[in-house]
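Data first, discussion second: the structure below is written as structure tokens.
The values are calculated or read from the model by the stated rules, or taken from the named source; none is laboratory data. Keep in mind the model is a prediction, meaning the values are calculated, not measured. Here the Cβ positions follow ideal geometry from the backbone for every residue, glycine too, while neighbour counts run over all protein chains shown.
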Amino acid sequence: FQYNPILAAGWDSDTGSPGPADTRGGFHVNEGFAELVVPVINHAPLAENVEVTGAVRGFNYNTFGSDYTYKLGARYSPIRDVTLRATYSTAFRAPNILELYQGLAAGNFESSNDPCANTHGDVGLATRCNGAPGAAGGAGTANNGVTVAQINSANGGTATLQPEKAKIGTIGLVFEPQMVRGFTLTTDFWRISMRQLIGNYGTQFILNKCYGAAGFTQDLSFCNLVTREDSTKEVSKVIDANVNIGEQLTTGIDLGAQYSLPTDVGRFLFRFNGTYLITRFIGPLTECAPDGGLVNGSNTGPGFCYQNKDRSGVDENGRTMPYPEHNVSANWTWDALASYRLTSPAGVSTLALGVRNLANQRPPRLYNAFLSYADPDYDFVGRYIYGRVEHRF
């Protein structure tokens, strides 16, 4: 590895901003877990099988302390053909090294609106802009009322981050009819609630909170993240490091079907798996509108499978002119795979031929995206054909 001499000198080669600080740090973890499966009833009238399960995991991180997660579950089969199942569990995700210790790096120029550049006659806002503490204060309208600019923000880790936490509940049904050997049908409803998600406030939110812009309550702690030029009083930098913000609630239904068909030439397996997304709510920071999304997928495979990747359409809110290009249509891509498996005394051989993005679908152009007119949620690879040969001895 050879260091870029410009970065080694402390400068960003792309923007002329100070280069990223060092990323260094670590953490120690101690943890233990236990699991328990208790068969309660077997082969009784209207209780072919009753089973309860439990699990617990305790952990200690030197970064944020000790906690535990657990899981409770139950299965009930009134007859051999039908099983009811349910689980409730908690989970966590500890912040990783980069989220904790990545050095602050400037050069992320977000297009933002400086609420102090033009106060539009709001005397209270003008007073707050001028009286903000530290390097964020003294702001008037000396920058000629130019409110929208690309403001240099610095992103990086925060050593005091807390873990992301989740609560997960599922309830479902398994149907295995004895009269149709090899057939299984499953359906499960699930609900996942997450909090303390790790992310960033964003430059605009920090400015709005520091100065109490229209629709926002002023919080002077955000002013510690804002620096203005001494002469022009334009915003020169905003520190937007990682923080625990936001919540997410997702509910949906999983549906699965499988049929195994033995024949003289081999066994054919037909499988379908699908998910219906009922709700996906990304909670606001504070004083922000929620964001919703929809992702559907399904696949099936008896030696042949397809997969549908769908991104639902959306209308951009808050636009001042009804430009049609601001209406993003839904985007569908299809994958297909055909395979053949041969069993012999020498082992099992599998031949497969697949196509990704079968229709060579292009992602939509997003005019509110930064420079690229695109979003990383989409796959930019066109039609892709691949083959695979596998042999297991």
State all residues of region 86-118 that are modelled with pLDDT of 90 or more and assigned to a loop (DSSP other than H, G, I, E, B); if no residue qualifies, say none. A94, P95, N96
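Conditions tested, residue by residue: (1) touching a residue at least 12 places away in the same chain (Cβ under 8 Å); (2) in a strand (DSSP E or B); (3) among the basic types (K, R).
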{"residue": "F27", "(1), (2), (3)": "yes, no, no"}
{"residue": "G32", "(1), (2), (3)": "yes, yes, no"}
{"residue": "P39", "(1), (2), (3)": "yes, yes, no"}
{"residue": "N42", "(1), (2), (3)": "no, yes, no"}
{"residue": "N49", "(1), (2), (3)": "yes, yes, no"}
{"residue": "A55", "(1), (2), (3)": "yes, yes, no"}
{"residue": "T63", "(1), (2), (3)": "yes, no, no"}
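Whether any residue in region 93-100 is within 30 Å of R191 (Cα to Cα), surrounded by fewer than 15 Cβ atoms within 10 Å (Cβ to Cβ) and without any contact (Cβ under 8 Å) to a residue 40 or more places away in the chain is what I want to check.
Yes; the residues of region 93-100 include at least one that is within 30 Å of R191 (Cα to Cα), surrounded by fewer than 15 Cβ atoms within 10 Å (Cβ to Cβ) and without any contact (Cβ under 8 Å) to a residue 40 or more places away in the chain.
Of all the strands (runs of 3 or more DSSP E) wholly in region 215-281, which have at least 3 residues that are touching a residue at least 12 places away in the same chain (Cβ under 8 Å) and under 28 Å from the mean Cα position of the chain (by Cα)?
By residue number, 235-239, 247-263.
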So which residues in region 99-136 are closer than 30 Å to I198 by Cα and of a type in the set (A, V, I, L, M, F, W, C), if there are any at all? L100, L104, A105, A106, F109, C116, C129, A132, A135, A136
Per the filter on region 183-212, residues within 20 Å of the chain's Cα centre (by Cα) and among the charged types (D, E, K, R) are R191, R195
For region 131-156 the number of residues that are outside any loop (DSSP other than H, G, I, E, B) and either modelled with pLDDT of 90 or more or out of contact with any Cys (no Cβ under 8 Å at 6 or more places or on another chain) (or both) is 10
Give me a count of the residues in region 337-366 that are surrounded by 13 or more Cβ atoms within 10 Å (Cβ to Cβ) and either aromatic (F, W, Y) or assigned to a strand (DSSP E or B) (or both). 13
Taking region 170-206 and keeping residues hydroxyl-bearing (S, T, Y), within 30 Å of A132 (Cβ to Cβ) and outside any loop (DSSP other than H, G, I, E, B) leaves T203
Lone unmet requirement of (1) part of a strand (DSSP E or B); (2) crowded, with 17+ Cβ neighbours inside 10 Å for G73: (2)
